[in-house]
Amino acid sequence: MNKYSTALLFVIALLASTASAGTIYKCKSPQGALLYQEKPCTEETESVSSWGSASGAPLVMHQSNNGHYFVDGSINDQNLNFVIDTGATVVAIPQSIANAAGLACQRQTMVQTANGLTRTCTTVIKKLKFGTFTLTNVEASIAPNLGQPLLGMNVLRQFRVEQDSGEMRLSIK
């Protein structure tokens, strides 16, 4: 077994053993190694993300009449309703919600969307919650013309996503 397989097995075992304990923090050491731990990242480690589930059970959503999946959540304790969007690269937030949640524009960018080229701002969400999951330090974009917050792939790829018969389930990998 090579060193990458051994490291992957270690991470899987660590996640499996701590999944029911609460929040798992994903940190980066000064040497660049990813660390998965139950305690928040320290000054010596950079926070990459963290996630937790109160019950360890999967989050189950039912498909709406328009074919989309929605989930209630919050950004920095500002309540909202996300559209689950596997076509969105990152979490996208309407300007009004970003203002209410105290999010500041860090860098302006132009991005290609389904509706064409648009100007957005990058930001970092300190605390993002949806269902029973909580994540910290989540990259996002603020889109002035967006009508509904989108839960994008930078969040969804951290979970096992299953869809079957009008039901979507998200669970910790």
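Bear in mind that the values in this text are calculations on the coordinates, not laboratory data. Since the structure is predicted, the reported quantities are computational estimates derived from the model, not experimental observations. Here the Cβ is made from the backbone with ideal geometry for all residues, glycine too, and neighbour counts use every protein chain on show.
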What is the order of Asp164, Asp72, Asp85, fewest Cβ neighbours within 10 Å to most? Asp164, Asp72, Asp85
Can you list the HN-Hα couplings for the range 140-146, worked out from phi with the Karplus curve (6.51, -1.76, 1.60; θ = phi - 60°), rounded to whole Hz and with x for Gly and Pro? 8, 10, 9, 10, x, 9, 7
Tell me which residues come under 5 Å, amide H to amide H, from Val91 once H is placed; ignore anything under 5 positions away on its chain. Ser141, Gly152, Asn154, Val155
Figure the gain on full extension for Arg169 and Asn65 (residue separation times 0.36 nm, minus the Cα-Cα span) and round it to one decimal in nm. 35.7 nm
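Within a Cβ distance under 13 Å of Thr132, other residues only, what is the Lys/Arg minus Asp/Glu net charge?
+1
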Amide H to amide H under 5 Å from Lys173: which residues, 5+ apart in sequence or cross-chain, H placed 1.01 Å off N in plane? Arg160
Stretched fully, the stretch from Asn145 through Thr89 gains (0.36 nm per residue minus C-alpha distance, one decimal, in nm) 18.5 nm
Taking the Cβ of Val161 as the centre, find all other residues whose Cβ is under 10 Å away and add up their charges (Lys, Arg: +1; Asp, Glu: -1). +3
